[in-house]
């Protein structure tokens with residue numbers, strides 16, 4: 001089910017967050033977050049190659065990868081553009097050749113809901129809430 005297939009569904013607070021995105025798109029959001037990309041400081045927003053590198057590290061794709069399983073540009077940039085269209089990522093320009101990507105407030109709150117959902121599913125206590133999941 002693609003992004004356009006799920007837009008017609010209504011969402012409620014009981015539905016798992018980020019379900020309208022692919023797993024790769026969710027990973028892109030969390031990679032941007034790990035790199036410190038917030039829309040309140042666009043000068044610190046990561047560029048596409050930094051996001052690519054972060055994803056490859058997270059996927060264990062560092063060093064030589066057999067079979068071409070690295071994150072390629074043809075996969076990364078269309079997915080980042082889809083996140084921009086969804087209002088989850090703000091695209092900026094560092095220079096004429098380098099775009100930056102920052103999480104919007106909507107993305108931050110949505111990612112926090114996703115983390116909360118996962119903590120509850122795995123019965124992992126939330127250290128910020130001070131209570132068990």
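Every number here is computed from the coordinates shown, using simple stated rules; none is lab data. The model shown is predicted, which means the values in this text are computed figures rather than measured ones. With ideal geometry, Cβ positions are generated from the backbone for all residues, glycine too; neighbour counts draw on all protein chains shown.
Distance between the 7 Å Cα→Cβ label points at residue 34 and residue 94: 1.8 nm. In terms of surrounding Cβ atoms within a 10 Å radius of their Cβ, 101, 77 rank from fewest to most as 77, 101. Remark: 110, 19 ranked as 19, 110, counting other beta-carbon atoms within 10 Å and listing the fewest first.
This ranking places 71, 115, 124 by how few other beta-carbon atoms lie within 10 Å of each, fewest first, which gives 124, 115, 71.
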